[in-house]
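The values are calculated or read from the model by the stated rules, or taken from the named source; none is laboratory data. A quick note: this is a predicted structure, and the numbers were derived from the prediction, not measured. All Cβ positions, glycine included, derive from the backbone under ideal geometry; neighbour counts span all protein chains shown. Surface accessibility is based on the protein's heavy atoms, side chains included, excluding ligands, DNA and RNA. Shrake-Rupley method; radii C 1.70, N 1.55, O 1.52, S 1.80 Å.
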Amino acid sequence: QTEGTSNPLKVYDTTPEFSAIFNDPNSGDTGIYYEIEINTASDFSGTVMWDSGKTSISAINNGGRSPEISYAGTSLTTNGTKYYWKIRFWDNSNSVGTWSSTANFIMSGSPTTPTELLVDGMTNPTVLNSIKPTFSAIYHDPNSDIASSYEIEVNTASDFTGTVMWDTG
């Protein structure tokens with residue numbers, strides 16, 4: 001699990017936590033080491049964001065979930081990137097298990113810059129016949145979120161250092 005969920009779609013925490021179930025064919029064994037690898041490619045041939053190496057952990061009972069393990073790799077950003085991860089454990093006899101199946105998580109991303117800005121249905125009109133023009137733009141979000149608010153500013157200067165004629169807040 002990442003942040004307590006399997007394959008979450010919107011991770012906002014740039015240092016997420018991971019956990020997994022320790023299983024061993026020897027019922028009395030406990031898990032005492034782990035290794036996590038996080039990569040940009042599902043086959044782990046991409047950029048390695050974090051490889052924890054063999055790291056000790058509080059003993060995990062057979063069939064029990066590990067404590068949450070905090071991410072400690074290359075900085076993650078909230079830009080909609082999908083990452084893949086796997087984990088393996090060593091038992092108290094220092095025998096290493098096989099890698100888990102691949103899990104993934106997607107970092108939450110901010111909406112992209114609005115496109116196709118229109119005023120009264122036109123792109124950069126030179127003359128307006130309306131004293132109350134309408135504004136529209138195309139919205140896109142890498143997480144497929146629905147827009148819940150907006151802000152429009154109308155200014156006398158193209159660099160927005162002039163007089164603010166209207167700001168919706």
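Listed here are the residues, each with its yes/no results for (1) out of contact with any Pro (no Cβ under 7 Å at 6 or more places or on another chain); (2) under 23 Å from GLU35 (Cβ atoms); (3) among the hydrophobic types (A, V, I, L, M, F, W, C).
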{"site": "TYR83", "(1), (2), (3)": "yes, yes, no"}
{"site": "SER95", "(1), (2), (3)": "yes, yes, no"}
{"site": "TRP99", "(1), (2), (3)": "yes, yes, yes"}
{"site": "LEU118", "(1), (2), (3)": "yes, no, yes"}
{"site": "ILE131", "(1), (2), (3)": "yes, no, yes"}
{"site": "ILE152", "(1), (2), (3)": "yes, no, yes"}
{"site": "ALA157", "(1), (2), (3)": "yes, no, yes"}
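Taking the stretch 105-158 on its own, how many of its residues are of a type outside the set (Gly, Ala, Ser) and either under 30 Å from PHE18 (Cα atoms) or in contact (Cβ under 8 Å) with a residue 12 or more places away in the chain (or both)? Walk me through it before giving the result.
Kept after step one, since they are of a type outside the set (Gly, Ala, Ser), are these residues of the stretch 105-158: 105-107, 111-120, 122-129, 131-135, 138-143, 145-146, 150-156.
From what is left, the residues that are either under 30 Å from PHE18 (Cα atoms) or in contact (Cβ under 8 Å) with a residue 12 or more places away in the chain (or both) are 105-107, 111-112, 114-120, 133-135, 138-143, 145-146, 150-154.
Qualifying residue count for the region: 28.
Restricted to the stretch 23-66, and to residues that are over 23 Å from the mean Cα position of the chain (by Cα) and among the acidic types (Asp, Glu), which residue is nearest to ASN104 (Cα to Cα)?
The residue in question is ASP24.
Condition (residue is of a type in the set (A, V, I, L, M), assigned to a loop (DSSP other than H, G, I, E, B) and either touching a Phe, Trp or Tyr at 6+ places or on another chain (Cβ under 6 Å) or surrounded by 10 or more Cβ atoms within 10 Å (Cβ to Cβ) (or both)) applied to the stretch 151-165: is it met by at least one residue?
yes
Could you check the stretch 50-82 and list, in sequence order, the residues that are without any contact (Cβ under 8 Å) to a residue 60 or more places away in the chain, of a type outside the set (Gly, Ala, Ser) and open to solvent by less than 20 Å² (accessible area, probe 1.4 Å)?
Passing the criteria: ILE60, ILE69, TYR71.
Assess whether ILE32 counts as being among the hydrophobic types (A, V, I, L, M, F, W, C) and farther than 30 Å from ILE146 by Cβ.
Yes, satisfied.
How many residues, within the stretch 130-150, are among the aliphatic types (A, V, I, L, M) and open to solvent by 100 Å² or more (accessible area, probe 1.4 Å)?
Of the residues in that region, 2 qualify.
With respect to GLU17, is the statement that it is under 13 Å from the mean Cα position of the chain (by Cα) and farther than 30 Å from TYR139 by Cβ true?
Yes, satisfied.
If you check every pair at least six apart or on different chains, which have Cβ atoms under 8 Å apart with a residue in the stretch 1-27 that is under 15 Å from GLU37 (Cα atoms) first and a residue that is assigned to a strand (DSSP E or B) and among the acidic types (Asp, Glu) second?
THR2/GLU17
Where in the stretch 1-119 are there strands (runs of 3 or more DSSP E), lying fully within it, with 2 or more residues that are modelled with pLDDT of 95 or more and farther than 30 Å from VAL154 by Cβ? Reasoning before the result, please.
Numbers: elements: 30-39, 48-51, 55-61, 82-91, 103-106, 115-119.
Where strands (runs of 3 or more DSSP E) fall fully within the stretch 1-119 and carry at least 2 residues being modelled with pLDDT of 95 or more and farther than 30 Å from VAL154 by Cβ, they are 30-39, 48-51, 55-61, 82-91, 103-106.
Return yes or no: is THR98 of a type outside the set (A, V, I, L, M), more than 28 Å from LEU76 (Cα to Cα) and open to solvent by 70 Å² or more (accessible area, probe 1.4 Å)?
Here the answer is no, as THR98 does not meet what is asked.
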